[in-house]
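Accompanying notes for the structure given below.
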Amino acid sequence: MENSNVHIKGRFAPSPTGRMHAGNIFSALVAWLVAKSQGGTMVLRVEDLDRERSKPQFIDAVQRDFETLGLTWDEGPYFQHNRDEAYQAAFDSLVERGLVYPCFCTRADLHAASAPHHGEKLVYAGTCRALSAEQRAEKAAVRKPAMRLVVPDETIAIDDLIQGRFEQNLAHDCGDFLIRRSDEAFAYQLAVVVDDGEQGVNSVVRGMDLLCSSPQQRYLQGLLGLPYAQYAHVPLVVGERDRRLSKRDHDAALDSLLERFKTPEAIVGHIAGITGLAPTCDPATPEELLQTFSLGGLREKLPDLVQIQWR
Ligand code: GLU
């Protein structure tokens, strides 16, 4: 096995913005299976960076959801809300190298502290990159800037365990990206990389919608001298008309799932069955699924690498 000498550490990284739904459960289950099948451990990190969207009641709920499903963690929970010092240190080291500039554009910083899920990716045109010191001072007098990281005209390739090779040219496909919002909250990309690095996470398994963030994260890992993680992006579980499930989509949220399926094992087994992780939809615990799980065969088992219909 590729990483036979390395201790594999995976993570659950829920944003406490709602109860878990079938899609979150599927990625968490695969994350757990990928780590455990390699003798690894799991970290729980509550991604409450976006203070407006994170709700205290979900911080407890999300932990109970994992427990209910038998998705155990070995370390944590860690939280992002008290990690500003670490994010600041990383931010400062980028500033010192002249890689950061203030951006006064209004629109794009809105999503910076949230994970930019599929379809939300904006390529920044570099508008504020070449402002003079005078122009910056003038603009700063009326508006607090967000901060962007300069990216090179460089193609970054990720060898994803499920999706295969994924390449992105940072300058063309992404543009200079936000590492701090105008309200001084650190952006998702920076926080996640600093946390994964410091918490020793080297196996990142999450939804396909975050595949396009991986090159940015790998680039940041390089700049900050952090080890590269192994990525696996699982297909999204979608509802009717290919709409991706959301935490607001109550049909597939954990409390409604419990109503429909009655037991956590029935939920886990159903999700494993429809996604190809198991040959049937029979009730199963994560531990039971681990007995037959093979990392090598994962890609072949999934019926579709991009999206799987919820039913
Ligand atoms: N907290 C993010 C979410 O719940 C996941 C971020 C990640 O896995 O990198 O969407």
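The values are calculated or read from the model by the stated rules, or taken from the named source; none is laboratory data. Here the structure is a predicted model, which is why all the values come from computation and not from measurement. Note that each Cβ is placed from the backbone with ideal geometry, even for glycine, and that neighbours are counted across all protein chains shown.
Summary of computed values
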| item | result |
| --- | --- |
| Residue list for region 173-196, filter: of a type outside the set (A, V, I, L, M) and within 13 Å of the ligand (Cβ to nearest atom) | Tyr188, Gln189, Asp195, Asp196 |
| When residues of region 21-52 are limited to those that are more than 10 Å from the ligand (Cβ to nearest atom), assigned to a loop (DSSP other than H, G, I, E, B) and modelled with pLDDT under 95, the one surrounded by the fewest Cβ atoms within 10 Å (Cβ to Cβ) | Glu52 |
| Residues being within 15 Å of the ligand (Cβ to nearest atom) and either at positive phi or of a type in the set (Asp, Glu) (or both) - total across region 200-228 | 1 |
| Condition broken by Asp84, with the remaining ones in (1) crowded, with 18+ Cβ neighbours inside 10 Å; (2) out of contact with any Pro (no Cβ under 9 Å at 6 or more places or on another chain) satisfied | (1) |
| Residues that are part of a loop (DSSP other than H, G, I, E, B) and at pLDDT 95 or above, drawn from region 280-301 | Thr280, Cys281, Asp282, Pro283, Ala284, Thr285, Phe293 |
| Qualifying residue in region 290-302 (condition: surrounded by fewer than 15 Cβ atoms within 10 Å (Cβ to Cβ) and over 24 Å from the mean Cα position of the chain (by Cα)) | yes |
| Conditions (1) part of a loop (DSSP other than H, G, I, E, B); (2) touching a strand residue (DSSP E or B) at 6+ places or on another chain (Cβ under 8 Å); (3) modelled with pLDDT of 95 or more; (4) within 18 Å of Asn24 (Cβ to Cβ): number failed by Lys247 | (3) |
| Pairs with Cβ under 8 Å, 6+ apart, first in region 56-71 and of a type in the set (Phe, Trp, Tyr), second in a helix (DSSP H, G or I) | Phe66/Ala28 |
| Residues of region 1-20 that turn out to be more than 10 Å from the ligand (Cβ to nearest atom) and at pLDDT 95 or above, as a count | 4 |
| Some residue of region 274-283 being hydrophobic (A, V, I, L, M, F, W, C), within 12 Å of the ligand (Cβ to nearest atom) and in contact with a His (Cβ under 7 Å, 6 or more places away or on another chain) | no |
